[in-house]
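The values are calculated or read from the model by the stated rules, or taken from the named source; none is laboratory data. Keep in mind the model is a prediction, meaning the values are calculated, not measured. Because the Cβ atoms are built from the backbone with ideal geometry, glycine has one as well, and the counts that use them run over all protein chains shown. Only protein heavy atoms, including side chains, enter the accessible area calculation; ligands, DNA and RNA are left aside. Shrake-Rupley method; radii C 1.70, N 1.55, O 1.52, S 1.80 Å.
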Amino acid sequence: MRACFLFLCVLTMNAVHADSEKAVIPDARITLAKKPSGTSTSGPQQIISRSMLSAAGMTTLSQALKSLGGLQLHDTTGTNNQVLLSMRGFGANAGNNTLLLINGIPINNPDMAPPDLNLIPISEIEFIRIIFGSESVLYGDQAVGGVIDVATRGQAEQAMMLSCNAGSYDQRDCLASVRYQAFRLNLGSMHTDNYRQRNRADQRILSGSIHEDYSRGRLDMNFHLARNNMQYPGALSAAQVRQNRRQAVNDTDFFNNSNVLVHAAQQYALTPDWLFTTDLAIRQMNGNGTLTSPFTQFRDLFFLKPQTMVTRGNVTFTSGADLQKDRYQLNTQFGTTNDRLQKYGLFSLVNFTPRPQFAFSAGARAAMQSSRLSSLPDQDTRNRAAATTLGGTYQPASDLAFYLRRAESFRFPNADEIASTPPGVTGLKTQRGTAYETGVEMTREKYTGKMEFYLLTLKDEIMFDPFQTPQQPFGTNTNLDPTTRRGMRLSGEYHFNNRLTLDAQYHYVNARFQSGLYKGKRIPLVSENFFRTGVHEVLSPHWSVYLETVYTGNQYADSDNANTAGATGGYTLLNANLRFEYAQFAAALHANNIFNKNYYLYTIYQTTMQTEFFYPAPDRNLILTMSYTFK
C-alpha cells in the first residue's frame, strides 16, 4: 500500500494532476572558472556571478540554473520550488544524481522529493558554482552528474536594502536586508498565483548570519527559516490542454511545510600551511497536505564534516570525514513509513604540481549507509561504496589548459526507494558509476572558450520502473541494467568592447539503456540538445539590456522507458531584461517567453492508460524588480 500511495503522489502531482551619477553597469559575464592546479580533480566549472544574475534579470534560483547554467529542469508543481535538476542526462531520478549545496552544505532530501530551491532568495546569492561531472570523492553520495554550490552574500558595509518584485500572475515579492558590522538579517515574503488555476504559492522567509574573526581563524553561523504554502493543480491530458492550458483538474491537492536550516562553520589555521575546517548543520522539515488523500511528512537531518588541508611545497593533501543522520517519516491512510538513515564517509585527495605547467591529482573515498525502515515489514539494510579519482592538467601557456580525468561515483538508495522494491527484494544495490572526461579551456583578453567531452557508465542505476505486474500494479523502484551517457559541452563568451558582450553554450547528451527490456531506448526526460546564447549591452552609464535565446530539444515523457508515445517536441524561448541603475537605486523589467511559445514544464506517460499527461509552462509574462540600498 505504501507503494500505491507513493505512485499516486507522483501521478497526482505530475500525471493526473514551475553610486554616483557616473556609475557603470556591473560587469555582466559568466565567469568560466579556470581550473587551478590545486583543484585538478574537479570537473569543468562555471561560476555565475551576482552581477550576471542582475544583468540577466534572474528572479529565482531555478530560472538562473536553467538559463545561465544550461541545466535541464523539470517542475512537477509549477511553483519553481520542488524542481528536478538534471546534469549529464538524468531524468526522473535527477534529483538524487545532482548534489545541491548551500554554502557547502548538502540540502538534498533523504526521500525522493527535490530540494527546496526557494529557500534562498536570488538577491541573497553571491555566486553559483556549477561543477559538471562526477565528484563523489570530495562530496560523497549523489554527486554523480554534477554539483551545484550556492554561496550566499558575505558581510558588507553597514547598510539596509529593500527589494520588491511585481509581475504577471499576481506575483508580489519583497525582501528587506539589514547589515550591521558582523551581523546580517533578511526578512522576505513571496506570493504568486502562478500560470495555472489553483496553483497559488506563498512563502515567508527569515534568515541571518553572523561571523567572528580571530587571530588564526574564523567562525560563521547562519540560519534560514521558511514557511511554504502551495496548491497543486494536477497535470492535464492532451484534450484538456487543447481546451484550456491553464485549468486545474482538482481543487483539493496542496502542501504546506516549514523548513529550518542552521549551519555553523569554523576555520582554524594551525600553521600557515595547515588548515582545519569544520561544518555542522541541522535541517528540519514539517509538512502536511493532500495528494488524493491527506498525509503528513517529517524530515530531520544532521550533518558534520571535519577536514584538514596541508600544503608542503608543491603538494597539497586534503583529508576528512563526513557524517549524516537522516530521519524521515510519512503518514498516510495506507500506513506509516519511518526510516532512519546514517551515512559515513572518509576521503583523501592529493594534488601534486611538479612543474608550473603540470598538475596531477588522486583521491579516494570509502562510504557506508545503514537504513532502518519501520513499516510493514521492517527492514534493516546496509550499503557500501568506494570511489576513486585520478586526473591531470597540462597548461602549455598561461591562457590555455588541457585536462583529463577518470572519476568514480556512487548513489545510495533513499528512503522512498527502499520502501518500495520488487517482490522478494530487500533494499536496493548501491548505484555505481565511472566517468571519463577530457577538455580544453582558453582564456584571452577578448574571449574565453571551453570544450568538454565525457562518457558516464552506470551499473545498478536506481530508477522508478513503471512496468506493472499483479504483485506491483503501480510499478516499483529497481536497479536498472547498465546505462550510458555520452556527451559534450561547448561554452564561451566574446567581448566586442567594454559595452557589448556575447555568450553562448551548447550541450549534447546521448543517454540510453544499454541492455535489458529497454535496450537502445532513450532515457525519458532527457533532451539530447540544448543551446543558449545571450547578448549584454551597456547602453549608457545607467541603462543596460540583456537578450537571450534558449533552445531545449525534444524528450520522452517520464515513465515512457520504451519510448512508446513519441518524443515531446523541442522549443525555443526568447527572454529579455532591461535594467536601470542610479546611485543606490536599481530597477529591471524582465520579459519571459516573448514569442508566447507553448511548451511544458513536465510530462509523464501513464502506462495502463497508454496516455501522456502534461504540466503546461507559462506563456508570455513580465516581472518588474526595484531595489534601494540605504547607507
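For the chain, the dipole from Cβ point charges (+1 on Lys and Arg, -1 on Asp and Glu) about the Cα centre works out to 680 debye, to the nearest 20. Rounded, prolate or oblate: which one fits the range 520-631, using the alpha carbon gyration tensor with axes a ≥ b ≥ c (rounded when a/c is under 1.5, else prolate when a/b beats b/c, else oblate)? Judged from the Cα gyration tensor, the range 520-631 comes out prolate (a/c at least 1.5, a/b above b/c).
Each residue of the range 211-226 was assigned a 3J(HN,Hα) from its phi angle through the Karplus expression (A = 6.51, B = -1.76, C = 1.60, θ = phi - 60°), giving 9, 9, 8, 9, 3, 10, x, 7, 10, 10, 9, 9, 9, 9, 10, 9 Hz with x at Gly and Pro. Cross-link reach is defined here as a Cα-Cα straight distance under 19 Å, omitting same-chain residues fewer than 8 places apart; for Lys631 the aspartates and glutamates meeting it are Asp19, Glu21, Glu124, Glu157, Glu581. The slack between Val260 and Ala239, meaning 0.36 nm per residue of separation minus the straight C-alpha distance, is 3.4 nm. Modelled label positions at Asn621 and Ser348, each set 7 Å beyond Cα in the direction of Cβ, lie 5.1 nm from each other. Accessible-area rank, largest first, for Tyr447, Tyr602, Tyr571, Tyr436: Tyr436, Tyr447, Tyr571, Tyr602, with all protein chains present and a 1.4 angstrom probe. Available extension along the chain between Tyr394 and Arg312 is 27.4 nm, counting 0.36 nm per residue and deducting the alpha carbon span.
Taking all Cα pairs closer than 8 Å and separated by 6 or more residues, the relative contact order of the range 501-631 comes to 18 percent.
Our coupling estimate for the range 524-535, obtained by passing each phi through the Karplus curve with A = 6.51, B = -1.76, C = 1.60 and θ = phi - 60°, is x, 6, 10, 8, 5, 10, 9, 9, 9, 9, x, 10 Hz, Gly and Pro reported as x. Note on Lys305: aspartates and glutamates with a C-alpha under 14 Å away, same-chain residues under 8 apart excluded, are Asp141, Asp279, Asp322.
Rolling a 1.4 Å probe across all protein chains gives Thr549 an accessible area of roughly 50 Å².
Could you tell me which of rounded, prolate or oblate describes the range 253-315, using a ≥ b ≥ c as the square roots of the eigenvalues of the alpha-carbon gyration tensor, with rounded for a/c under 1.5 and, failing that, prolate when a/b is larger than b/c and oblate otherwise? Since a/c reaches 1.5 and a/b is larger than b/c, the shape of the range 253-315 is classed as prolate. One Cα centroid belongs to the range 179-251, the other to the range 575-631; the line between them spans 15 Å. Inter-label distance, Arg372 to Leu500: 6.7 nm, where each label sits 7 Å from its Cα along the C-beta direction. Amide H contacts of Gly570: Asn554, each under 5 Å away and 5 or more positions distant or on a separate chain (H built 1.01 Å from N in the peptide plane; Pro and chain starts excluded). A value for Rg/Rh (Cα atoms, Kirkwood Rh) was derived from the coordinates, and within the list [x] 0.94; [y] 0.99; [z] 1.07 it appears as [x].
Under the combined filter of DSSP loop state and at most 16 neighbouring Cβ atoms within 10 Å, the range 374-447 retains these GluC sites (Glu not before Pro): Glu445. Between the range 267-314 and the range 73-111, the alpha-carbon centres lie 17 Å apart. Exceedance of the 21 Å cut-off in Cα-Cα distance is limited, within the set Lys521/Lys597; Lys429/Lys459; Lys66/Lys597; Lys66/Lys450; Lys459/Lys521, to Lys521/Lys597.
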